[in-house]
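Heads up: the structure comes next, in structure tokens.
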Amino acid sequence: MNSSAPSSTIAPMKQSVIFLGPDISDSLRLLAYRVAEQTGLKCNESENPGPEQHDLVWDESKQVFALKLAPAQPSLTLDLLKQSRYFLAQSSRSKKTPLVRALGKKAFQGGLVWDASGGSGRDLCHLLSLGVERLWVFERHPVVYALLVFETYQLKRYLDSKIELEVFYADASNFQTEEIADVVFYDPMYPEKKKKSSLSRKAMEVFKDLVGPDLDEVNCLKKLVQSPHKRVVLKRPLKAKALISGVSTEFKGSTTRYDLYV
């Protein structure tokens, strides 16, 4: 975490548990306890009682934390390294790419970019693959935040040392910091059920059930647009209406549109 940028305190939505395995490294164990202190989650180093739905469990075989889904369902891992490799294999920094055009040149010249809704980590992997070097990710759900912290901890070992990647337990629209972001990228959960995801359909249903709907997306966007940050890029389904008025430019892809507010 970046100590120069304090994060907001958010009350946990449910009392989930982080189960630590016996072979977990000391550094990751300390990170787990720090996450627990930030979020109000609990750490458990014993095997009993067993994990329940929405608990985080150390997977010894994969050396990652996994989210316990519904009974009889396999646990969920975000696998940000796999996602990053996928985007790197298909990424293009061409000016014709709608997202690259929406983000603007500064995002790829050492500017600070915010991912205002961390979620499954898909967007942060996409942004990094495009060449963003300074990325702050915000997540306000305690369990999802914990997953992102653990996954980015592993991901950083494979990133270029010059890349700054930080994850904050905070609501981006209320986050207080002295440094103004050059770009804020905001991807609220789509109302459509057909939104593409790195997760399976069943896993995405459970993930949505855990996080809940974005009931305050309009208010969050208004706050971000009214903030001192230089550019706000909103990701939307191609044919969806604008969340709020004041769109400066639209950058359209085949299924996705990026609304720019400057």
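The values are calculated or read from the model by the stated rules, or taken from the named source; none is laboratory data. Owing to the predicted nature of the structure, the values given are computational and were not obtained by experimental measurement. In this analysis, Cβ positions are derived from the backbone assuming ideal geometry, glycine residues included, and neighbour counts consider all displayed protein chains.
Is one or more of the residues making up the stretch 67-74 within 20 Å of Gln154 (Cα to Cα), buried (at least 16 other Cβ atoms within 10 Å of the Cβ) and among the aliphatic types (A, V, I, L, M)?
Yes, there is a match, as at least one residue in the stretch 67-74 is within 20 Å of Gln154 (Cα to Cα), buried (at least 16 other Cβ atoms within 10 Å of the Cβ) and among the aliphatic types (A, V, I, L, M).
Kindly provide the set of residues from the stretch 80-93 that are modelled with pLDDT under 85 and either assigned to a loop (DSSP other than H, G, I, E, B) or basic (Lys, Arg) (or both), ordered by number.
If the condition is that a residue be modelled with pLDDT under 85 and either assigned to a loop (DSSP other than H, G, I, E, B) or basic (Lys, Arg) (or both), then Ser91, Ser92, Arg93 are the ones that fit.
Listed residues Val211, Val218; which is among the aliphatic types (A, V, I, L, M), within 22 Å of Ala170 (Cβ to Cβ) and free of Cβ contacts under 8 Å to residues at least 40 places away in the same chain?
From the options Val211, Val218, the qualifying one is Val218.
Evaluate the following for Tyr186: is it surrounded by 12 or more Cβ atoms within 10 Å (Cβ to Cβ), within 16 Å of the chain's Cα centre (by Cα) and at pLDDT 95 or above?
When the stated conditions are applied, Tyr186 passes them.
Do you know which residues across the stretch 58-89 are among the charged types (D, E, K, R) and at negative phi?
Of everything in the stretch 58-89, those that are among the charged types (D, E, K, R) and at negative phi turn out to be Asp59, Glu60, Lys62, Lys68, Lys82, Arg85.
Pick from Asp123, Asp115, Asp26, Asp55: which is exposed (fewer than 13 other Cβ atoms within 10 Å of the Cβ) and on the phi < 0 side of the Ramachandran plot? Spell out the reasoning first.
On the way: Asp123 fails: exposed (fewer than 13 other Cβ atoms within 10 Å of the Cβ); Asp115 fails: exposed (fewer than 13 other Cβ atoms within 10 Å of the Cβ); Asp55 fails: exposed (fewer than 13 other Cβ atoms within 10 Å of the Cβ).
The conditions single out Asp26.
Go through (1) surrounded by 15 or more Cβ atoms within 10 Å (Cβ to Cβ); (2) at pLDDT below 85; (3) not acidic (Asp, Glu) for Arg101 and report which single condition fails.
All conditions are met except number (2).
Residue by residue, here is whether (1) of a type in the set (Val, Ile, Thr); (2) out of contact with any strand residue (DSSP E or B) (no Cβ under 8 Å at 6 or more places or on another chain) holds:
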site: Tyr145; (1), (2): no, no
site: Glu151; (1), (2): no, no
site: Arg157; (1), (2): no, yes
site: Ile163; (1), (2): yes, no
site: Phe168; (1), (2): no, no
site: Ala172; (1), (2): no, no
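Conditions (1) of a type in the set (Gly, Ala, Ser); (2) farther than 30 Å from Ile24 by Cα; (3) at pLDDT below 95, marked per residue:
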position	(1), (2), (3)
Leu78	no, no, yes
Lys95	no, yes, yes
Lys106	no, yes, no
Val149	no, no, no
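Is one or more of the residues making up the stretch 130-147 in contact with a Ser or Thr (Cβ under 7 Å, 6 or more places away or on another chain) and over 22 Å from Leu76 (Cβ atoms)?
Yes, the stretch 130-147 contains a residue that is in contact with a Ser or Thr (Cβ under 7 Å, 6 or more places away or on another chain) and over 22 Å from Leu76 (Cβ atoms).
Looking at Lys235, Lys230, Lys222, which one is within 22 Å of Gly131 (Cβ to Cβ), at pLDDT 95 or above and surrounded by 15 or more Cβ atoms within 10 Å (Cβ to Cβ)? Quick ask: steps written out before the conclusion?
On the way: Lys230 fails: at pLDDT 95 or above; Lys222 fails: within 22 Å of Gly131 (Cβ to Cβ).
None of the other options fit; the residue is Lys235.
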